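Below is one structure; the comments refer to it alone.
Nothing in this text is a laboratory measurement; each read-out follows from the coordinates by a stated rule. For clarity, every value in this text was computed on a predicted model and none was experimentally measured. Every residue, glycine as well, gets a Cβ built from its backbone with ideal geometry; the counts of neighbours run over all protein chains shown.
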Amino acid sequence: MKSSIDEQTIHMVVTDLDGTLLQPDHTISLKDYQTLLQLRKAGICRVIATGRSLFSAQIALADDLPLDYLIFSSGAGIVDWKTKQILFSRCLEAKAVGEIAKFLIAHNFDFMIQDPIPENHTYAYFQTGRENPDFELRNEIYHEFARPLDIDPRDFGRACQIITIIPQDVAAYEQIRRQLNHVKVIRATSPLDGNSIWVEIFPRGVSKGHATEWLCERISINPASVLGIGNDYNDIDLLEWVGHAVVLANAPADLKETYEVAASNSNSGFSNAVRLKITL
């Protein structure tokens, strides 16, 4: 059900990007753009929280987008959108990189080791040789930033994250999550084929929810006054942390059973989600 909440109750809106604020054609609808402007007029802080690297997000978003902060790489970094200053960043230490890579190689997983922020759009990859079209497609798209892992991963050094791409195999994801319980393992649906599972491995404590918590502490905003909007599994930490949570109609069925549902991203779902909670 819709809830009538005075507009002053919510002081921050945090939205996912792909599949949420972005339409299927990777643009922002005019209605959603106008909603961002109206939020600014209402004095509400606007935040995008994306799995994209800073480099990839800046390709997708205009420099003058009416936005206050960008949480990128699933919470590994935060940038002030107006000044483009990086306010916060985390990375895996060299020892952890070596241990995680050793585990993934032993269990025959393809993976990518992303360089530290702000160069984490560049990476080294390990490929088993098994058929993995989505993995190969990502390498094709980012071919100018990708290189084979031709050194012992224990010598790689620090990294922003490690990504392994697997078919729609939840059991394989759960195996990784259970075995690597000393780090943060985040599940996301592939933005490329819309089906494969991207398993993103970060230092413990990295997530969209933790990054939003850090930002709220910095600018003195109460979590109860934050609206989170998402559409996928990598938004769960955010949706569980905020005071108000909405998913779009294009989210997986189990998320729609858990959270309030707005229109899809092809129907300005971001604006619909905002208006479920805020009178603009």
Inset, instruction - State the answer as a single residue: which of P116, I278, I221 lies farthest towards the positive end of the charge dipole of the chain, with beta carbon charges of +1 for Lys and Arg and -1 for Asp and Glu, about the Cα centre. - result: I221
Inset, instruction - Work out the charge dipole of the chain with +1 on the Cβ of Lys and Arg and -1 on the Cβ of Asp and Glu about the Cα centre, then indicate which of L37, I236, G157 is farthest towards its positive end. - result: L37
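Just the Kirkwood number for the chain, please: inverse of mean 1/r across all distinct Cα pairs, in Å, one decimal.
It is 19.0 Å.
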Legend entry - Tilt relative to the chain, helix 170-179 - C-alpha long axis, 0 to 90 degrees, to 10: 80 degrees
Inset, instruction - Starting from the Cα gyration tensor of region 94-202, take the square roots of the eigenvalues, sort them a ≥ b ≥ c, and report rounded, prolate or oblate (rounded when a/c is under 1.5, otherwise prolate if a/b is larger than b/c, else oblate). - result: rounded
Inset, instruction - Please work out the C-alpha center-to-center distance from region 203-228 to region 263-280 and express it in whole Å. - result: 21 Å
Inset, instruction - Which order do the peptides 91-97, 138-144 take when ranked by the mean count of other beta-carbon atoms within 10 Å per residue, highest first? - result: 91-97, 138-144
Inset, instruction - Would you pull out the residues with amide H under 5 Å of S53's amide H, same chain only if 5 or more places away, H placed 1.01 Å from N? - result: S73
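Based on the mean of other beta carbon atoms within 10 Å per residue, what is the order of 79-86, 120-127, 202-209, most packed first? Can you show the working numbers first?
On the way: 79-86: 13.6, 120-127: 19.6, 202-209: 21.5.
Taking the mean over residues of other Cβ atoms within 10 Å, the ranking is 202-209, 120-127, 79-86.
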Legend entry - Charged-residue dipole, Cβ positions (Lys, Arg, Asp, Glu), the chain about Cα centre, Debye nearest 20: 680 debye
